[in-house]
Structures are given as C-alpha cells and as structure tokens.
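These notes concern the structure reproduced below.
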Amino acid sequence: MKVDTTVRMGSLELRTPLLTGSGTFGYGDEFHTLVDYRALGGIVTKSISAHPRPGNPPPRICETPGGGIINSIGLANIGVDGFIADKVSALPIGETRVFISVVGDAVEEYVTVVEKLEQVDWVDGYELNLSCPNVKQGGLDIGGDWRAVAAIVREVRAATGRFLAVKLTPHQPRIAPVVEAAAGEGAEALTLTNTLVGMAVDVERRRPLLGAVTGGYSGPPLKPVALAMVWQAAQAVDVPIWASGGIVTGLDGVEFLLAGASGLQLGSVFFADTKAPGRILQEMCDYCERHGITRLADLTGKLEPL
Amino acid sequence: MSPVAEMGIVEEQIEISEGVVELTVRAPEIAGLSRAGQFVHVRVSTGFDPFLRRPMSVGPCGDGRLKLIFAIRGRGTRLLAGKLPGNTVDMIGPLGRGFDHPEEGVIPLLVAGGIGVVPLLLLNEQLPVGLERDFLLGVRSRTVLTVTDSEIERRHISVATDDGSLGYRGDVVQLLARRLDELDGRKVNIYGCGPGPMLTFLKRLCQERSIPAQVSLEVPMGCGVGACQSCAVLKADRKGYLLVCQDGPVFDIDAVDLSPEALP
Ligand SMILES: Cc1cc2nc3c(=O)[nH]c(=O)nc-3n(C[C@H](O)[C@H](O)[C@H](O)COP(=O)(O)OP(=O)(O)OC[C@H]3O[C@@H](n4cnc5c(N)ncnc54)[C@H](O)[C@@H]3O)c2cc1C
Ligand SMILES: Cc1cc2nc3c(=O)[nH]c(=O)nc-3n(C[C@H](O)[C@H](O)[C@H](O)COP(=O)(O)O)c2cc1C
C-alpha cells in the first residue's frame, strides 16, 4: 500500500506535512548534505528582522534531564537586507517550499521586513514569529495579546498576498481569543507552539547555564504542552495548524495530526538526528499502513472521544 | 564544507589514563576527509536523552579509521566511553575549519593543554614528514596524561606537569616561553588547544612577542553546522560573535576574545 503524503493548506499543496521549525534549520542550506529535502513539505527559515541582531551572550544552549534543551540564541540573524543579499541564492528553492520567518519588536518592523521580501520572487510565504517582547507594550509577549496579534496580522496581510502563517507563544492565559484574532485577520496557518521560557543552574558553580540566564525550552518535554495548544486551537478555529514542540518520532507526528494539526514542524530534532525528516515520514506511513489509512492528511483531527 | 553522516564501527576501546578514553572507529568517509582541527558531532544516545550530540576533535586518522580521544566529564562522554568493539558510533563530519599549515621556513609549535592534545595529534601527523617542529603538552600530573608514554616518546612530545611528576615543572605556556627563548627569534607559528585559562595565557604571550597563533576552541554546541548559532564566541573587538562550528573551531588567536570573562 502506498500512503499519500501530500497535504493541502488553503492555496498551497505541500509534498509532505513536514516542515522545519524556525531557528533550528538556519537559512535553509546549512544541513544540505545531511538532510533529505524530498521528505520535507517546506522549510521555515530562522527569524529575520529589519536590522541585524547579534544575539545573546554565550553560553547559548544547555541540556536538561529528560531530553530537553534550552536555548538563548536571542534571535541572532543578519537582518533582511543581508538575508536578501547573501542567503537567498542558497535556499533550497525548487527542492521544497520556502517560508521566511519574520520577527519584529513592533508592527512596523514586521511590515518593513515583509515588504522587502516581497521583492524576492520565489518565496512561498511567511511565518510571523509573535513570541517576542513587544517593546512598545513594556516587553510583554506580542503573541499573548490578541489585540496586538490582530494588528500585526492585519497590517502584514495588507502588505502581501502570499501564504501567511502566524506562530504563537505557549505563554497564553487563553488560546482561543488569540487564534481567533489571527484567523480573523487572514492568517492561513497557525503555528503552535514556540518554546516555553526555561532556566537551568550549574549547582556546583552556582551559576546559570545560559549567558542570558533564561531561554527557550524545547525538545521532547515540550510535546504535551504543544499538543494541548494544538488541540485547543483546533477546537477554536478552522485554519490549518502547524504543530511545533518535541516531535522526534513518527508517532509524535501522528499524535499532533490526531489532535488537529495539518503541518508538523521538526525543530530541535535536527540537533540529534539529521535524517529525521525521512525517518519520521516513514514511521508515519508505517502507522497508516497498520491502520489501513491511505492519506496522511486523513488523520488530521481524527481524535476519537474517550 | 560538505560533511557526511556516517555510522562508524568501534574497533578498539582503551583507557589512556584514569578517565581518558581512546576509541578507534572505522569510518572511511570521515577519516578520509578530515583535516586537523576539524571535528565530528557524535550522537551519544540511541534515543533522545541526552538530546544533543557531543563535538569531538578528529584525532589521529588514516586507513579508514579515526581516533576519538576524550575525557569523561558528564553523561554524554560516559555513554561514549561505554562503546565497545563492534558497537556503532553515529557521527556527522568532518565539521568546521581546521588548522592552516605553516608557510615555508616557519616552525610549527604545537601547544596542548590536557585533552586539548587531540587535534594537535592529527596536525602532527598531517604536517609534512621531516618538517622541524615542537610538540608541547601540559597536564596536571603524570597520572592524568592524555597520551600514552609510548606516544610521548615516539612523537617527541615535551611534557609539563603542574606537580613536576613528569618533565618540566610548571604550565605549558611557561614551557613554551622557554622554548621560544631557545629558538631565539626564528619564525614560528603556534597551534594551541586547551582549557580557557591556558588560552588566556597563550594569547598574552603571543601578543607580547608578536607571534601568530591559531587556537581551537571548545564551547557548548547545538547543530554543529552553523544553523542554530548556539556556539557563539565573542570577537576580539567585542562587537559581535563568531560561531565555533562554522567560523572555527580553529581561530586566529587575535580574532577572538580569550579573556577569562569570555571563557566561563
Ligand atoms: C570543536 C570541539 C572539539 C572537542 N574535542 C574534544 C576532544 O577531542 N576530546 C574531549 O574530551 N573533549 C572535546 N570537546 C569537549 C567535549 O565536547 C565535551 O567535553 C563534551 O561535550 C562533554 O559532554 P558530557 O555529556 O560528558 O558533559 P556534560 O557536562 O554532561 O554536558 C552537558 C552539555 O554541555 C556540553 N559541554 C560540556 N562541556 C563542554 C565543553 N568543554 N565543550 C563543549 N561542550 C561542552 C555538552 O556537549 C552537553 O551538551 C570538544 C568540544 C568542541 C566544541
Ligand atoms: C536553537 C533554537 C533556535 C530557535 N529560533 C527560533 C526563531 O528564530 N524563531 C522562531 O519562531 N522559533 C525559534 N525556535 C523555536 C523552534 O522553531 C520550535 O518552535 C521550538 O523549538 C519547539 O519545537 P521543538 O521542540 O521541535 O524544537 C528556536 C528553537 C531552537 C531550539
């Protein structure tokens, strides 16, 4: 039995539901001799800002027991102009779909970056990273405030006709108003979720393990949190959901599909297993064969009541 | 840079001294491509805990084999030390930028601190046969040597120990300073790898005497290929960062900040 892996998301068809998680797959070409792009429906680049950001003081990564990691990269990136000048030519265009992650500290910055990227022909779409401090609102996460989310999505929507995904933070008192706001303003996919804020301490030296003290907690321990958010968002809105958080096996992917996801982002897993896309796709197809399912996309939202 | 993913096979596992292990791994592709100073990113778990790969310098290699030589520090290196002949080692590599060989007429001085000897063992092999060189190694004491006695003899390695239990009594940078005096102004190029404090002293000495040096750095790392930007080190001018996995691990000593605050 051959399992059909294609998924449709609004105007776009992806070869497989697998995408890369922003920031874990660089500008798209760093892994090129190690990753099988055919197993990916698309890549999402590292988040790009209007100006270069140097990033946080080191150390920027540490491990936690139970398979977690915490990173404090600080959104280091070369800025949109540098990206267009130096990185566009190396993107895996034609090999897979390309989504550019965009970050800003205010509405205007998101719009500026997207407007510049509109000049580049081959971009399939954008993912707005809204899990960052809102400078004008005293540093609270933009993605936690449904009014701010609505404003950004509205302005960016007006600036582009391309596919638009919106990525949200797990730090949400209630997810429904935020996803409704994003969907209401024209988001075509919602990515859930970004990392949780976390911290680790070297007790022998009585020092934090990260230069920025706190960072983003990801990897397998994040999965239950992300799963709950995907499920809650799927209950609230009709737009496709891209799951992000702790996917390392095909069965993790199946869990997210059942909870309501259409796309599956592979993030930290690349740091452990560069062959993850092909392996995870195969494991999901094996699951489908065992259950007599012919299309991966048919699993989306098929969670049975208890 | 075109790293490959290769499943190596352990052929031999020996303990060089207490807590220092040498694995001889059959991995023809990586062994054939590696330049001294480059590293492999090694998966230590068959699952996902511990999650990250461990960066390890490529040690002596040839004949389709490479040596990983490491100090047991935490969970990852303990798991790696448990690999026995016949076991597999999942690696990606060779990664990063290695050492540049010296120009003609320049004497390479290899200066290692502890387990930092590993990339220099490969450099020593890859330098042209017969080229005059000096190989210095500093360790705390002879009980924690990072190379075997027979290698020390065969490679003409000069040893410094903090406690004087073998060779020169003192640290390896002091030994280097003496050696430089003996060489009396001849053109040299220093190749260094070792713990933070050693690199701080080494940089000071190189600046005082205007000697060019390349050093290999060790910092916590994520992807190993330049994608995640986890392994940043501060530039010498403190304006921005370089990535150990991509811009290094070997840097010109003047390019990076090696002050104690920068190397926690
Ligand atoms: C380019 C490069 C080459 C290296 N070559 C060698 C070598 O040839 N031999 C050798 O013994 N060691 C080498 N190291 C250091 C080695 O990677 C660490 O000792 C090892 O990762 C420690 O893992 P652990 O699980 O035992 O320690 P833990 O302390 O349990 O590790 C926890 C986390 O911190 C990281 N970490 C801890 N200490 C270091 C360190 N000093 N450098 C980098 N990451 C660290 C680990 O990778 C892991 O992600 C190298 C490091 C780099 C960056
Ligand atoms: C090193 C690292 C850097 C990241 N950088 C970004 C980023 O720039 N933008 C973003 O939206 N998410 C970023 N993330 C979050 C991931 O895209 C992903 O949402 C998160 O890690 C959870 O998924 P995972 O458990 O599969 O890694 C980063 C994660 C890691 C580990």
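The values are calculated or read from the model by the stated rules, or taken from the named source; none is laboratory data. These numbers come from a predicted model, not from an experiment. Here the Cβ is made from the backbone with ideal geometry for all residues, glycine too, and neighbour counts use every protein chain on show. To get the accessible areas, we keep the full protein, side chains included, count just its heavy atoms, and leave off ligands, DNA and RNA. Shrake-Rupley method; radii C 1.70, N 1.55, O 1.52, S 1.80 Å.
Below is a table of values for the structure above.
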| read-out | value |
| --- | --- |
| Solvent exposure of the range B:1-78 as accessible area per residue, Å², 1.4 Å probe | 41 |
| Shape category assigned to chain A from the gyration tensor of Cα positions, a/c cut at 1.5 | rounded |
| Which listed pairs, of B:187/B:239; A:46/B:203; B:67/B:239; A:167/A:275, have C-alpha distances above 29 Å, in listed order | B:187/B:239; A:46/B:203; B:67/B:239 |
| Nearest-10 value in Å² for the accessible area of residue B:2, using the 1.4 Å probe | 80 |
| Cα lying deepest toward the dipole's positive end in the range A:210-306, options A:232, A:216, A:257, charges on Cβ | A:216 |
| Over the protein assembly as shown: helical MRE at 222 nm, DSSP H runs n ≥ 4 each giving -39500 (n - 2.57), nearest 500 | -7000 deg cm²/dmol |
| Sparse-neighbour loop sites [GluC sites (Glu not before Pro); the range A:204-306; at most 16 other C-beta within 10 Å; DSSP] | A:204 |
| Accessible surface buried once A binds B (1.4 Å probe; total of both sides; Å²) | 2700 |
| Rg followed by Dmax, in Å, when the range A:33-103 is reduced to its Cα trace | 14.7, 41 |
| Accessible-area composition of the range B:50-105, carbon plus sulfur, in percent [1.4 Å probe] | 47 |
| Listed residues A:93, A:43, B:16 arranged by accessible area, highest first, probe 1.4 Å | A:93, B:16, A:43 |
| With every protein chain in place, the range A:154-287: carbon and sulfur % of accessible area (1.4 Å) | 54 |
| Under 17 Å from the Cα of residue A:2 - aspartates and glutamates, other chains or at least 8 residues apart | A:283, A:286, A:289, A:298 |
| Highest-fluctuation residue, A:178, A:197, A:153 considered, GNM on chain A with Cα pairs under 10 Å | A:197 |
| Overall form of the protein assembly as shown per C-alpha gyration tensor (a/c, 1.5; a/b vs b/c) | prolate |
| C-alpha long axis of helix B:172-183 to longest principal axis of chain B, angle in ° | 50 |
| The range B:33-107 - Debye-derived log10 I(q)/I(0), Cα point model, q = 0.27 Å⁻¹ | -1.38 |
| Whole-number percent relative contact order across the range B:121-244, with pairs defined as alpha carbons under 8 Å at least 6 apart | 14 |
| Accessible area per residue in Å² at 1.4 Å probe, computed on the range A:1-152 | 37 |
| For chain B, built as a Gaussian network whose Cα springs stay under 10 Å, the top-fluctuating residue of B:40, B:25, B:129 | B:129 |
| Tilt relative to chain B, helix B:196-208 - C-alpha long axis, 0 to 90 degrees, to 10 | 30 |
| All aspartates and glutamates inside 18 Å of residue B:83 as judged from Cα atoms, apart from same-chain residues fewer than 8 positions distant | B:6, B:11, B:12, B:15, B:18, B:22, B:49 |
| Cα centroid separation, the range A:150-220 to the range B:118-182 (Å) | 51 |
| Spacing of the two label points (7 Å from each Cα toward its C-beta) at residue A:120 and residue B:252, in nm | 3.0 |
| GNM flexibility winner over chain B from B:150, B:165, B:57 (Cα, springs under 10 Å) | B:150 |
| The range A:150-238: trypsin sites (Lys or Arg not before Pro) falling in loop per DSSP and having at most 13 other Cβ within 10 Å | A:174, A:205, A:206 |
| Relative contact order, percent, the range B:1-145 [alpha-carbon distance under 8 Å, six or more residues apart] | 31 |
| Rounded Å value of the spacing that divides the Cα centres of the range A:228-256 and the range B:24-88 | 35 |
| Long-range tail of P(r) for chain B (Cα pairs > 27 Å, %) | 34 |
| Relative contact order (%) - criterion: Cα under 8 Å, at least six apart; region: chain A | 20 |
| ³J(HN,Hα) computed for each position of the range A:72-80 - Karplus, 6.51 cos²θ - 1.76 cosθ + 1.60, integer Hz, glycine/proline x | 9, 5, x, 6, 4, 6, 8, x, 5 |
